[in-house]
Each structure stands twice: as structure tokens, then as C-alpha cells.
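See structure below.
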Amino acid sequence: MTLPALVGLVVLLAALVFIGAALARLSRPINTEGHSGDEQLIEKVNNLLPQTQCAQCGHPGCRPYAYAIIKQREPINRCPPGGDRTIADLAELLGTTALPLDSSCGEQKPIQVAIIDESVCIGCTLCIHACPVDAIVGAGKLMHTVISDQCTGCELCLPPCPVDCIDLVSPATSTSDWQWPRPA
Amino acid sequence: MRVRNAWRKQFSAEKPRAPFSFHGGLKLDTSKRALTRFNSTGIKELPLPAKLVVPLIDYHKNNIEPLVNIQQTVSRGQIIAPGIISPAYGTVSVIEPCEFIHPGGLSVNSVVIDTHANNSENPPVSIPSAKAAQAMINSFAEQPIETLEQAALVGLGGAGFPTLHKIKSANNGIHTLIINAAECEPEIACDEALMLAEPEAIALGIETLVQLTQCQQCIIAIEDSKPLAQQQLSEAINTFDVNAAIMTIPTRYPTGAETTLIEVVTGKRLAYRNANSPTTKSQTTPSEHGIVCINIGTAHALWQMVERNQALDSRVVSLGGSNMRNPCNVRVRFGTPVNFVLSATDNTPDNAHTRIRAGGPLSGFDLHSLNAPITANTNCILAEAAFIETPAQPCIRCGQCADVCPVKLLPQQLHWYAQSEDHDKCAQLNLAACIECGCCDLVCPASIKLTETFRYAKSTARFLSEQNQKADEAEQRFKNREERLKQREADRKAAIEKRKQAVKSQDKKTNTDRIKAALERARTKQKSSKD
Ligand code: SF4
Ligand code: SF4
Ligand code: SF4
């Protein structure tokens, strides 16, 4: 074998090794941190969640749950306020099968809003701190009230209230959100 | 004015065009029951009830705040909330949620007025000479258009859109003014009755509209099933030299619907905005095309404003239906409860099975309560026999529903997707454009409740999009709160760190000095307390 042929072979081998390494690098599961495709998917999942921010799914809000669904393979059936409709939407988006709602997280309830019995409220501000969506207004030692339009009915303000003056009620149907009954 | 007069001559010489046609629609039996007694009774004037109930909602069904207080005396025509006037002289007794005419039997905040005994009567509209009338109209048209606000004019065709908004929203001027005298739904005859009873007032109202809107042409569209009304109106139009042409259009439901009527009169279908996007596709409004449609009842009301400065506070209502003992047309003051209308005309239902409905036989719905008050939108009250439901059969794909749909929708497909709650697909198939006319229902051989399903799907889609918007807002507030909490935590940490640094940076000597000083202080304190 001549020298030039040997050199050529070595160069060829080196090139093959290099290409192989590059291919191996490319085919490796991409480290997900900060990858924009996942970010978009999280955003999409988050858009389908009801934004009640009730933490019943075991995550401190809807976006963290969306993050967990994508990054930690958390099941999609853990959101009680969203119920079957949300599960179906998520399954369609992610190409998986819809599961029944995980009852350990809670039951789906009709839409409700919190209401503070203003004559009993002692103005301790604890509920204000608990509300994830800033729907309670009030100041120390003064009566508090719920902005019913902004309340998501997450129930997080109930446990902290020392005088048990917060109730959840179904909101009065307004003309703008009334729906025709579904024909049988 | 002289220019206008010259133009007028030219215009009235123009021959009225033949009407165009529209897709679908149905020929219905319009031998109107409510009109059967017109010759003997005319339009009945109802007495004023002791209580009037005025719902505080606007065209979009949003609540509005009252401008009056309880116990306040209000005069007839006084503005009691933005866009709403008091229909009579009286005292506000309460402002509370009251039932109103709504398919779900909902209540809205309403002003209840106890009417006073010495209320002014409704004298018949006086008709001046042609010359005097022109002078009145001219001076009225010279006032700023905002004067119309006091007239509280809204469309009397059934939807109740504020007339002033309609006129003002045509930014590029009004090319064609269409006066809607079609009234195509069986049983409803209030417009026809008005044309027979007071054609002069209508003609003068139309002339006022022509002058107010400065339109280039005005066409009055009347169905060919109303020859007598047409004749009366056309005589009045000649007498007062009104700048309008009458167009006789074929009697075919739903030609009276705004979009269909525009198609019939101008030959144009209103285009869609963003036609290629299923989510933002929407119909352009007539005023964007320089077209305004106004009901003849509204024209009549405008003449009352010109002639005696009277705001719109009553309307003609047709009473009909198979169980209505005395079908007739009555002029009812707004706020009059339905049961008062029925009892005053000797129509109180004599058995519990009679269904009292508001609106026409196709577009209307059953009333939950007879306490609900008549408003500008109530063109018809029907008393019908108990409803016998025909169970729906599976669709046989005959395609008749699509043939009759005046909006060229595909009801069969829409029904499929609406039933499976696929709202995106419904939006793509343009469900929002459905005018809920009920034609598809009428022809369906399988008795499928198409229109009902569409009403349901439309309201649900609206509800869901509202929920979505609320969710977005909640998310924003949640984000803001997270930011705030993070910031607060960071501030707290920074403060602790700062204090730590401060302690560290002080040298030992000063620290021991401070301890000494503190001990000294404590000692003196002890001493002084012992003394
Ligand atoms: S369970 Fe509550 S916090 Fe979790 S995703 Fe559903 S609404 Fe959001
Ligand atoms: S109800 Fe809607 S879908 Fe049916 S014919 Fe009328 S416009 Fe078309
Ligand atoms: S008319 Fe009724 S049966 Fe015929 S295609 Fe339409 S929905 Fe089906």
C-alpha cells in the first residue's frame, strides 16, 4: 500500500468519525430546558386550562400545571374546574386519549363565586393574601369584599378566614351569559 | 334648500326599480289574524295602567344605571337612564329586579313608575298642510342630529337598535335609506295596521328621515300582500311630495330581515369581513355600505317628535294566535305588563294550557311570566294552544334545509357540529350569520329542531368566548400577583442582607461601646425606679 493511499484512508476514517459524532450529537434527545417548541406547547396547554388558579391539580396554579404536563408527564386529568371539556381539549392538543377526571383532585362543580358576609368580616386581610387572582379588596381592620366579576371560585380564601364569613354561591345569571337550553 | 328641491324633482321622476331576489325563504300563509278586525276596530288605544315597569337594559342587554331616585316624580318623556325615557307622568315607586320579556324568564333591574291620574291623553297625530309640514320638517332637520337623543328612537322591527346610532355610524354618508314595511312573519300586522290608520304621519316621518340623513335615495319596501296599505301610503306620499319611491316586493319570509331586505332592494349581499378567517369572520354592517334600514313604525314615531316633541314611548302590538279570543292591534305604552294588555282587550287566557308567546310564530318564544312589560321590541303577543312535540327522526340528508336558508348556510352540517359541541367547526361554517328565521325547521321532513339547536349553539359559543376572556384576565392578575410577591420577597431579602452588612461593617470597638452605653442606661433606669 502506498503512502498517499494510507493518508487518504486515514483522512476518510477521520471524516467518518467526525460525521458520526455530529449525527450522534444531533440525534440525542434535546435537552428541553428553554427549548422554544416546548415553551409554545406549555403556552397552548395553559391556554386550555380554565385559569381558576385553585391548585387542586397539586400545582400552585394553571401555568405550573401546564409546565408539569409537558415537562414531567403529569396526567392531563387533574383539573376539576376544567372537567371533561378541558380534558378532551388537552387530549386533542397532545394527541393522547381523554381520561376521566381524577377524583382525588376534586369534583367538577358548577360555576361559583365567593361572597363575604360583610357584617361579620373583621378585616384581618388573610383572604386577600390567599386570593390568587386579586379579586378581594379591603384594608386592615376594614370590611373586605369580593369583586364577583373577577372571582374564579377557587375556594382558596375559605380556609384562612378566622370567622368563617366567606361563602360560595352560584352567580346570578345575567342577560349577557344566559344560554338557550340545549334541545333534547 | 333650493338645491335640494331641484334634486327632488329629478328624483321623484325616477321610476321605481324592480326588486331583486334572495336565496331560499318560504312562502307562508300571511292571512293575518290580527288584522281581521281592523276595519271595525282600527288600532285600539289602551288605558294607562297604574304601574309601568321600565327595564334598565340597553340594546346589547347590558344593565344601565338609573338617573332617578325612588319617590322622585318623573314627567312623560323625562330621561330616567341613558337612552331610556319615562313613558308617563308618575312617581318612581321602586327600582328593583323585575321580570322582562326574555326567553329564559330572567329579571333585570327596572324602574317601576306609579302613574298619576291626570296623565295627558294620546291625542291623534294632527296632520298639517303640505306647506306647513315642510316648514316643520325643515326647521327640525336644521337642528343638530343629537336632538334625536331626546326622542329615544329605536328600531321598532323587533331588535330595538337605537336609530341615532344607526344614522351616525354611517361615517361616509348614507346613500340608500330603506324604509322597512315588509313585515313578513305571519300573525304580525302592527306595521300594516299603522299604514292603514296613519299613512300621513308615516309619510311625513319618512320625509323627515330623508332630510335628516341627506340620503341620495329612499326606497319604501312593501310586500305585495298589502295592496291597501300600499295604496294609502302612496297617496300620502304624493300629497306631501315625499322624496321616496315605493318598491313592491314579493311576499316571501324572511324578506323583512335586515340583510335579506337589503339584498332584495339593492341586489347586494353584505360582504364578510376577514372572510378567510373562521375566527374573526363577521358580517359588515349596512351603514358601512352607506345603507340604513328603518322600520316604518320608527318613521311614524319620528313624526310625533317633530310634530309635538313627543319621545317614543308607545308602539302598536299585534295580538294573535289560535287561542287569542279577540285578535287585534293595540297601541301600548312601554312598560305596560302583558297581562294588562290581555285583560284590557278581553284576551286573558281561560285555561292553563294556553301558551302566551312574545314575537312572531317563528321568531318568538314562550313567556315565563305575564308580568313582563311591553317594550319597543315587542311587536306581537300570541296565544297558542298547547304544544304537541313531534319527536325528531334521524336526518335523511334531503338538503331542503340548505335550499331554504336565506343566509346560504348548511343547516344539516351545522346541526351535526352544534350537537357535538364542536364550536370551532360551527364558527367555520358561519353559524354566527344565522338569523334564526326558522325556515330550515319548517321544511325539515325529519322534524329536527334545527333553529333551536342553533340558538343554543350560538349562545353557548358566546358564553364560552366570554369565559375564555375572563380566564385570560384572571391569568393576567395571577401573573401580576406572582410578580408582586416575588418582588416583595426580593425586597425583604435585600433589606435583611443590608442590615447584615451594616452590622458586619461596624468595627468591634464601637460595638462594645454601644453595649457599654446600653448597660449604663439600664442601670440608671433601675436606680431611678428603686428611688
Ligand atoms: S386545578 Fe385549578 S390550578 Fe390546576 S389547572 Fe385546574 S384550575 Fe388551574
Ligand atoms: S334558522 Fe338559520 S340556518 Fe335555518 S334557515 Fe334560518 S338562517 Fe338558515
Ligand atoms: S331538512 Fe332535515 S332531513 Fe333534510 S337535510 Fe336538512 S336536517 Fe336533514
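The values are calculated or read from the model by the stated rules, or taken from the named source; none is laboratory data. Note that the coordinates shown come from a computational prediction; the quantities given were computed from them, not determined experimentally. Note that we place each Cβ from the backbone using ideal geometry, even for glycine, and neighbour counts take in every protein chain shown. Protein only, heavy atoms only, side chains kept; ligands, DNA and RNA dropped before computing areas. Shrake-Rupley method; radii C 1.70, N 1.55, O 1.52, S 1.80 Å.
Figures for the structure shown
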read-out: Straight-distance crosslink candidates among aspartates and glutamates, where the alpha carbon sits under 17 Å from B:K516 and sequence neighbours closer than 8 are dropped; value: B:D507
read-out: Whole-angstrom gap from the stretch B:145-183 to the stretch B:437-493, using each part's C-alpha centre; value: 31
read-out: 3J(HN,Hα) from dihedral phi, the stretch B:377-388, Karplus parametrisation 6.51/-1.76/1.60, rounded to Hz, x for glycine, proline; value: 7, 7, 8, 7, 10, 10, 10, 10, 5, 3, 8, 9
read-out: Sequence-distant lysines (8 or more away, or on other chains) whose Cα lies within less than 26 Å of B:K27; value: B:K226, B:K268, B:K408, B:K449
read-out: Protein accessible surface hidden between B and A, which excludes ligands and nucleic acids, total in Å², probe 1.4 Å; value: 2900
read-out: The protein assembly as shown - share of DSSP beta bridges that are antiparallel (%, nearest 5); value: 65
read-out: Helix B:199-213 vs. chain B, principal-axis angle (Cα, 0 to 90°, nearest 10); value: 50
read-out: Shape of the protein assembly as shown, Cα gyration tensor, a/c cut at 1.5; value: prolate
read-out: Partner chain coverage, peptide B:234-241 - average Cβ within 10 angstrom; value: 0
read-out: Shielding by other protein chains, B:477-490, mean Cβ within 10 Å; value: 3
read-out: Segment B:D58-B:L485, extension gain: residue separation times 0.36 nm, minus the distance between their alpha carbons; value: 149.6 nm
read-out: Sparse-neighbourhood loop sites, trypsin sites (Lys or Arg not before Pro) in the stretch A:37-76 - DSSP loop, at most 13 other Cβ within 10 angstrom; value: A:R73
read-out: Contact order relative to length of chain A, as percent, for alpha carbon pairs under 8 angstrom and 6 or more apart; value: 16
read-out: Solvent-accessible area per residue, Å², over the protein assembly as shown with all protein chains present [probe radius 1.4 Å]; value: 52
read-out: Reciprocal of mean inverse Cα separation for the stretch A:110-171 (Kirkwood radius, Å); value: 11.2
read-out: Largest to smallest accessible area among A:V10, B:V54 [probe 1.4 Å]; value: A:V10, B:V54
read-out: For the stretch A:95-119 versus the stretch B:359-422, the gap between their alpha-carbon centres in whole angstrom; value: 34
read-out: Accessible area (Å², 1.4 Å probe, nearest 10) - B:S529; value: 90
read-out: Helix-only [θ]222 nm of chain B, DSSP H runs n ≥ 4, -39500 (n - 2.57) each, per residue, nearest 500; value: -12000 deg cm²/dmol
read-out: Sequence-separation-based contact order of chain B, relative, with Cα cut under 8 Å and 6+ spacing, percent; value: 18
read-out: Cysteines having no other Cys beta carbon under 4.7 Å from their own, within chain A; value: A:C57, A:C62, A:C79, A:C105, A:C121, A:C124, A:C131, A:C151, A:C161, A:C165
read-out: Unsatisfied cross-links (Cα-Cα over 27 Å) in the set A:K44/B:K281; B:K166/B:K281; A:K109/A:K141; value: A:K109/A:K141
read-out: Sum of -39500 (n - 2.57) over DSSP H runs of 4+, divided by residues of chain A (222 nm, nearest 500); value: -11000 deg cm²/dmol
read-out: Area accessible to solvent at B:I174, 1.4 Å probe radius, in Å²; value: 10
read-out: With DNA, RNA and ligands ignored, accessible area of A:M143 (1.4 Å probe; Å², nearest 10); value: 90
read-out: GluC sites (Glu not before Pro) within the stretch A:91-181, DSSP loop, no more than 16 other Cβ atoms inside 10 Å; value: A:E107, A:E118
read-out: Hz values of 3J(HN,Hα) by residue in the stretch B:418-428 - Karplus curve (6.51, -1.76, 1.60), Gly and Pro given as x; value: 5, 5, 8, 6, 8, 6, 5, 5, 4, 5, 4
read-out: For the stretch B:393-531: relative contact order, % (alpha-carbon pairs under 8 angstrom, 6 or more apart); value: 19
read-out: Solvent-accessible area, 1.4 Å probe, carbon plus sulfur percent, for chain B; value: 52
read-out: Percent of beta bridges antiparallel (DSSP, chain B, rounded to nearest 5); value: 60
read-out: For the stretch B:310-346 versus the stretch B:71-116, the gap between their alpha-carbon centres in whole angstrom; value: 18
read-out: Residue order for B:K504, B:K281, A:K141 - accessible surface, 1.4 angstrom probe, largest first; value: A:K141, B:K504, B:K281
read-out: The stretch B:130-308: C-alpha gyration tensor shape, a/c 1.5 cut-off, then a/b vs b/c; value: oblate
